[in-house]
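This report refers to the structure that appears directly beneath it.
The values are calculated or read from the model by the stated rules, or taken from the named source; none is laboratory data. Here the structure is a predicted model, which is why all the values come from computation and not from measurement. Cβ sites come from the backbone with ideal geometry, for glycine too, and all protein chains shown count toward neighbours.
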Amino acid sequence: MSIWVCVGSGPSLVPDDLDFVREQGWRIATCNMGFTICPDARVFHAMDSAWWEQYGDEALETLRPDCQVWTGSDDVASEGKARLVTWDGEQGYSDTVGHCHGGKLSGLQLINIVGWYQPTLVILLGYDNMARHGQQHWHQDYPDGMHNGGTVDQRDGDYAAMFRTAPFPIVNCSRRTNILDSIPRMKLTDAAAMAMKPVEVH
């Protein structure tokens, strides 16, 4: 089985969960500042040119040499630093490699990108879709002029469409989340048990 874990930026993410993931031998994909805690990620995605200007060189130096790096920035892609992802305003999964639906949600696009690597199960961690104690992320807020998440209450439909149309099962193992109706929730230990059994697509 090809189990992938998408590691988001939600404040519920804790190191113990990442240790568990590595113990299982699952493949890790992450976005944005996730490179600092998942240098072993096999897939990485960061959309914005502003992010790349601030953190891009450090990310490329930190990630494993064979990491598949993606971006939504034409400039970054033209410099050969990452593969380009285009997107549109539709909802749901796109099986066209290099093109996503769902607008500018890095975490949502990450799920779609992982789908191009033919997973048998995708597990979400740090997909809170909510703030905690005023924090949008497990890391510090970005500097002024960079996007820090904004409102999150309109995203549920985007995740619901991804779950409904993806040709692979998705479970949300984030410790806290308000993606309640979109994607089934599960404990990481239960996901590990699930991964030992044949998995059916919803």
message: Name the residue that is nearest to Val114 (Cα to Cα), counting only residues in segment 165-192 that are at pLDDT 90 or above, outside any strand (DSSP E or B) and β-branched (Val, Ile, Thr).
response: Thr165
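Restricting attention to segment 30-50, and to residues there that are part of a helix (DSSP H, G or I) and surrounded by fewer than 18 Cβ atoms within 10 Å (Cβ to Cβ), which single residue is modelled with the highest pLDDT? If you could, list the steps in order and put the result at the bottom.
Narrowing segment 30-50 to residues part of a helix (DSSP H, G or I): 32-36, 49-50.
Retained after the next criterion (residues that are surrounded by fewer than 18 Cβ atoms within 10 Å (Cβ to Cβ)): 36, 49-50.
Details: Thr36: 95, Ser49: 88, Ala50: 89.
Selected residue: Thr36.
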- request: Considering (1) in a loop (DSSP other than H, G, I, E, B); (2) over 29 Å from Val14 (Cα atoms); (3) of a type in the set (D, E, K, R), say which one Arg64 fails and leave the rest.
  value: (2)
field: Cross-chain or 6+ apart pairs with Cβ under 9 Å, segment 166-185 first and on the phi > 0 side of the Ramachandran plot, then surrounded by fewer than 18 Cβ atoms within 10 Å (Cβ to Cβ) and modelled with pLDDT of 85 or more
entry: none
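The rows are residues; the columns are (1) within 26 Å of Phe168 (Cα to Cα); (2) touching a His at 6+ places or on another chain (Cβ under 6 Å); (3) in a loop (DSSP other than H, G, I, E, B).
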site: Leu13; (1), (2), (3): yes, no, yes
site: Asp17; (1), (2), (3): yes, no, no
site: Glu23; (1), (2), (3): yes, no, no
site: Ile28; (1), (2), (3): yes, no, no
site: Trp52; (1), (2), (3): no, no, no
site: Asp57; (1), (2), (3): no, no, no
site: Trp70; (1), (2), (3): yes, yes, no
site: Asp75; (1), (2), (3): no, no, no
site: Gly92; (1), (2), (3): yes, yes, yes
